[in-house]
Amino acid sequence: MMASTKEIIMAIAQSDLQARIEQAFPGAEVTITDLAGDGDHYKARIVSDAFNGLPRVRQHQLVNKALADLLSGPLHALALETVATA
C-alpha cells in the first residue's frame, strides 16, 4: 500500500519580503510585485545608495546574500531590478 504524500506549500508574504529587503538596505526605495499570486514568485525593484559604483552583478549578489535563507526555502523565484542612486 502506498503512503499518501502531502504537498509542502512554502511561501512568503509580500510585506515580509519587503521588510527583509528594507532591513538589509536601510533607506532603500523598495517595490515588490507578486508575479504569480502564489507568494513565491516576486519581482523586487530596489533603489539604494548601497549599489553606487557597483556593477549590476555585484548589486544582485548583495541582494541574494541578504535573502539567502529565503531563496533556499520559501521564495522560489525572485526577479531583481537594482538601481543605484548616483
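Just so it is clear, none of the values below were taken in a lab; they were calculated from the coordinates. Bear in mind that the values here come from a model prediction, so they are computed numbers and not experimental data. Here the Cβ positions follow ideal geometry from the backbone for every residue, glycine too, while neighbour counts run over all protein chains shown.
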Subject >> Entry for Rg/Rh (Cα atoms, Kirkwood Rh) (calculated from the structure that is shown) out of (1) 1.26; (2) 1.00; (3) 1.10 >> reply: (3)
**OP:** Work out from phi, with θ = phi - 60° and the Karplus expression 6.51 cos²θ - 1.76 cosθ + 1.60, the ³J(HN,Hα) of each residue of segment 36-49, listed in order in whole Hz, and give x for Gly and Pro.
**Re:** 10, x, 10, x, 9, 10, 10, 10, 10, 10, 10, 10, 8, 6
Original post:
Based on DSSP, what percent of beta bridges with both residues in the chain are antiparallel, to the nearest 5?
Top reply: 45
Subject >> From phi via Karplus (6.51, -1.76, 1.60), per-residue ³J(HN,Hα) for segment 14-27 in Hz, x at Gly/Pro >> reply: 4, 5, 5, 5, 4, 4, 4, 5, 5, 5, 6, 10, x, x
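At a 10 Å Cβ-Cβ cut-off, how would you order Val63, Val83, fewest neighbours first? Spell out each step's value before the answer.
Numbers: Val63 21, Val83 13.
By the 10 Å Cβ count, ascending: Val83, Val63.
Tell me the mean residue ellipticity at 222 nm calculated for the chain from its helices only (DSSP H runs of n ≥ 4, each -39500 (n - 2.57), averaged over every residue, nearest 500). Before the final figure, lay out the partial values.
Values: 3 runs with 26 residues, N = 86.
For the chain, the value works out to -8500 deg cm²/dmol.
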